[in-house]
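Undergrad: Below: one structure in structure tokens.
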């Protein structure tokens, strides 16, 4: 495929994508396929000779789409949202074309520098303490990780390296193995201090935990993977109070800030804590500026060596929405979850199971867990909406998460009418 | 931005991308910017109100492009290639639109199932032993990781879990800490058994290492990050002989197989070795099929929870090139590296420093390391081509890697003339 064919096929794909997004409401949110459906539909080996683009795009509709769970359908209320926006898709196209691997400053200076500045922009949007920003001469700074899991692992390894060095400096006789044996990582029942847990979006009390960590010289890592995006709104920012006690903080703009996956934002107060733990300097990656203190080599901040030009997505999204547009987006989702909450509250057969703070409503049918499980089964069989359950202590609970960029009040109302209807059928069947 | 504006801007972006790729030869391969160039060029905070798309795309040319190292320029011979092709970019557009997070089968069945089948396709292209394939009822199978580092870490953790369980089964009194203290990971000087090292693309002897690992019950992980793509050509496949002794094998189609970053292909012989080490099953990720034995939940195969629909890129590329097209691409690069090798050999001032097997030529000026370092400095200052050095034992060596999809004999010839000319100037200056 040469550039001129790409011009043609690329534009067809743009239309396919736009058609898909515009028509997504008409597709069944959860697919009908059974495990193993796909293998018999395609050849057992790659073709020797090229297939045509038409063949492939036809197969997308015939083979792929019937097996897709449509995360961006306005009837998708499962898990947590995964971000999707047109500006982000445009940036991804550019990112793919530039196709640099930004493991060092020299590998593509723009890739590294835009990332540092975008992480400052985002940090300011969250009103993070100055210590987390890179600025012109700060000791802190931000980095884009692939996922919150990677950010947690990076924080854990950095913390381990830091404490090992501290102990070895104090007692030079100590072996690394002896130190390892004694190290303890404290965590909540969701691991690390969490703002906005997956099950029910609850919040750890940083103002209690933080001072203890400072006093005991314990590395504090805060994970606000989902909730973090909301902190760009002043009314939700108090949920982040106490972040000033943390060594590292992380949340996922790829969940709720309209930046397509993957983009997990992580900040540290002392970037030398990361670079000290991960430094990797073979000759083929050395460059003339690296010891100047002026530059950032992001390979020292993460586990993989390679990295894409992901900050382009942040730049496009922040600029094309503006802070006000992003705040309005968050607020709309929170408002929709409160709307659903009040619908549930008006029906005496149901109960709300956790405080609704952001975009998640946990609810159930009053009575046995069996009853709510049976309701979920009916919901999943009908496939008009999609949601997943969780356990809150001993209760089996349904999670209704506001997910889609295009979800409106009408979808929430329809979803609730659907759930209510299924509940009525269920309760009637139970009585019979 | 609504769908209709996306149709317009998306098509403009397709043209921008095509223009960039068509004109890349005219751009200076390595940028002129100094560290910190970007920050003063953009505002210190995100805008409150939206910027226009025109503003942004103008800034791409004004602010971003001057700081880009053009990895896809035919004058880029640094590091190793990173893959780029139009079919892959088209697939990435679709991947962004579907935007599913395929952590479980249920999260998007097509995402999981296409990945399993594509990894089988690719495994067959490499003539991997049957034991590594999933097929309909195999115990092995493949997974797409983000990078070779992640694949290595996953293999290491799986190996550790496996041996710990074996030892604990044999001696139930052993604590995990006592076992950890005794575990040893053997590695070459490039870590793990490597086919195609970064410095000089050398190959470990699997036929020697393999049987020892089998005899001693040691987990053997093989990393062929760069070289792996070449094994789709029968004439290079012997380099992979011995893979039958391995427990896990990994290479990066995102380097040399025209699948844009990230796409690191990993296979294991027993997928229960991975799922046993990483299994994570909160209620909100459970689904009705998961205990049926019929499905794959890829979250148990990797470190992060989230994952994109990356197998679309493989599907588009394999189909639109065909196996023959991919083989021709590999062969062309290998031929170009041999062409460069013979140019170097014809100049008595230079020497070849390692056997040229695939697309990398290691060479230097005869004489002191200082001389070759001075030559590299001239090359880097001229910025007509871009390459990086390495150390081979005590020698400072230049790496000439065939990288770009569009590199032709004429570019290689020009690059060599340029290097020769700089060498002549240098040697003349040295004499004066």
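Bear in mind that the values in this text are calculations on the coordinates, not laboratory data. Here the structure is a predicted model, which means the values were calculated and not measured. Neighbour counts are summed over all protein chains in view; Cβ atoms, including those assigned to glycine, are modelled from backbone coordinates with ideal geometry.
Undergrad: Please express the shape of the protein assembly as shown as an equivalent ellipsoid: the semi-axes are the square roots of 5 times the eigenvalues of the C-alpha gyration tensor, given largest first in whole angstrom. Walk me through the intermediate numbers first.
TA: On the way: eigenvalues 376, 183, 178 Å².
They are 43, 30, 30 Å, listed from largest to smallest.
Undergrad: Now for a different question. In terms of the Cα gyration tensor, with a ≥ b ≥ c the square roots of its eigenvalues, is segment A:150-296 rounded because a/c is under 1.5, prolate because a/b exceeds b/c, or oblate?
TA: Values: a/c = 2.17, a/b = 1.28, b/c = 1.69.
Oblate shape, in that a/c is at least 1.5 and b/c is the bigger or equal ratio.
Undergrad: Does segment B:280-417 come out rounded, prolate or oblate by the C-alpha gyration tensor, with a ≥ b ≥ c the root eigenvalues, rounded set by a/c under 1.5 and, if not, prolate when a/b is larger than b/c and oblate if not? Write down the numbers at each step before the final one.
TA: Details: a/c = 3.40, a/b = 2.22, b/c = 1.53.
Prolate, because a/c is 1.5 or more and a/b exceeds b/c.
Undergrad: Still on this structure: I need to check one value: relative contact order of segment B:47-143, counting alpha carbon pairs closer than 8 Å and at least 6 residues apart, in percent.
TA: Details: 51 pairs, mean separation 12.3, N = 97.
13 percent.
Undergrad: Of B:349, B:39, B:378, which has the largest mean-square fluctuation in a 10 Å C-alpha GNM of chain B?
TA: B:39
Undergrad: Specify the residue with the greatest mean-square fluctuation among A:360, A:174, A:422, computed from a Gaussian network of chain A linking alpha-carbon atoms under 10 Å apart.
TA: Largest GNM mean-square fluctuation: A:174.
Undergrad: If you count, for every residue in B:122-130, the Cβ atoms of partner chains within 10 Å of its Cβ, what is the mean?
TA: Details: counts 1, 0, 3, 2, 0, 0, 0, 0, 0.
Average neighbour count from other chains, rounded to a whole number: 1.
Undergrad: Of all the residues in chain B, which one has the C-beta that comes nearest the axis relating B to A, and what is the distance in Å?
TA: Nearest Cβ to that rotation axis, in whole Å: B:11, 2.
Undergrad: Shortest first and in nm to one decimal, what separations exist between residue A:420 and its copies in the other chains, measuring from label points 7 Å along the Cα-to-beta-carbon line?
TA: 8.4
Undergrad: Could I ask something else about it? Shape of chain B from its Cα gyration tensor (a ≥ b ≥ c, root eigenvalues): rounded if a/c is under 1.5, otherwise prolate when a/b > b/c, or oblate?
TA: Values: a/c = 1.90, a/b = 1.24, b/c = 1.53.
The shape class here is oblate.
Undergrad: Quantify how strongly other chains surround peptide B:383-392 by giving the mean number of their Cβ atoms within 10 Å of each of its Cβ atoms. Write out the running numbers ahead of the final one.
TA: Numbers: counts 0, 0, 0, 1, 1, 8, 3, 5, 3, 1.
The mean count of partner-chain Cβ atoms within 10 Å per residue comes to 2.
Undergrad: Still on this model: If you put a point 7 Å past Cα along the Cβ direction, how far is that point for residue A:136 from the same point in each other copy, in nm, smallest first?
TA: Result, one decimal in nm: 6.9.
Undergrad: Which whole number gives the average, over all residues in A:73-83, of C-beta atoms from other chains lying within 10 Å of the residue C-beta?
TA: 2
Undergrad: Under the rule of -39500 (n - 2.57) per DSSP H run of 4 or more residues, summed and divided by the residues of the protein assembly as shown, what mean residue ellipticity at 222 nm is obtained, to the nearest 500 deg cm²/dmol? Display every interim value, and only then the final one.
TA: Numbers: 24 runs with 366 residues, N = 864.
When only DSSP H runs of four or more count, the value is -14000 deg cm²/dmol.
Undergrad: So what's the Cα pair-distance distribution over segment A:30-171, bin width 5 Å, in %?
TA: 2, 6, 8, 11, 14, 14, 12, 10, 8, 6, 5, 2, 1, 0
Undergrad: Could you work out the relative contact order of chain B? I mean the mean sequence separation of Cα pairs under 8 Å and 6+ apart, divided by the number of residues, in percent. Don't skip to the end; give the middle numbers.
TA: Values: 671 pairs, mean separation 98.9, N = 432.
Rounded, it is 23 percent for chain B.
Undergrad: Another question, then. Find the relative contact order for segment A:111-160 and round it to a whole percent, using C-alpha pairs within less than 8 Å whose residues are 6+ positions apart. List each step's numbers first, then the result.
TA: On the way: 37 pairs, mean separation 14.8, N = 50.
That works out to 30 percent.
Undergrad: How far is residue A:45 from itself in the other copies, in nm, if each label sits 7 Å out from Cα along the Cα-Cβ line, shortest first?
TA: 6.2
Undergrad: Going by how many other Cβ atoms sit within 10 Å of their own, how do B:300, B:221, A:418 line up, fewest first?
TA: On the way: B:300 19, B:221 25, A:418 16.
By the 10 Å Cβ count, ascending: A:418, B:300, B:221.
Undergrad: Could you grab the Rg to Rh ratio for segment A:371-420? Cα atoms only, Kirkwood for Rh.
TA: Details: Rg = 11.6 Å, Rh = 11.8 Å.
My calculation puts Rg/Rh at 0.98.
Undergrad: If neighbour count is taken as other Cβ atoms inside 10 Å, put B:25, A:150 in order from fewest to most. Write out the running numbers ahead of the final one.
TA: Details: B:25 16, A:150 22.
Starting with the residue having the fewest Cβ neighbours, the order is B:25, A:150.
Undergrad: Taking only Cα atoms and a 10 Å spring cutoff, compute GNM fluctuations for chain B and point out the largest among B:173, B:146, B:23.
TA: Comparing B:173, B:146, B:23 in the GNM, the peak value goes to B:173.
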